[in-house]
1. Checking the conditions here, which among 42, 20 is in contact with a helix residue (DSSP H, G or I) (Cβ under 7 Å, 6 or more places away or on another chain) and touching a residue at least 24 places away in the same chain (Cβ under 8 Å)?
2. Quick one: is residue 57 under 14 Å from the mean Cα position of the chain (by Cα), part of a helix (DSSP H, G or I) and surrounded by 13 or more Cβ atoms within 10 Å (Cβ to Cβ)?
3. When you look at residue 13, is it surrounded by 10 or more Cβ atoms within 10 Å (Cβ to Cβ) and touching a helix residue (DSSP H, G or I) at 6+ places or on another chain (Cβ under 8 Å), yes or no?
């Protein structure tokens, strides 16, 4: 994997996790009505961002093979 691609994936995955976590935080703390679609969207963003980080960085650091 090229260094530019690694950098782009790292930045996008980090932004996905941060954006999803912010959406969940806002729904649970500042919202008067909690909408399930925003919870689902925020959770999905966090999940996909974590999967990207696991596949491209964390698993490789731990010496595990990914498909």
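1. Only one candidate qualifies: 20.
2. Details: under 14 Å from the mean Cα position of the chain (by Cα): yes; part of a helix (DSSP H, G or I): yes; surrounded by 13 or more Cβ atoms within 10 Å (Cβ to Cβ): yes.
The answer is yes for residue 57.
3. Yes, satisfied.
Every number here is computed from the coordinates shown, using simple stated rules; none is lab data. Here the structure is a predicted model, which means the values were calculated and not measured. Cβ: placed from backbone, ideal geometry, glycine included. Neighbour counts: every protein chain shown.
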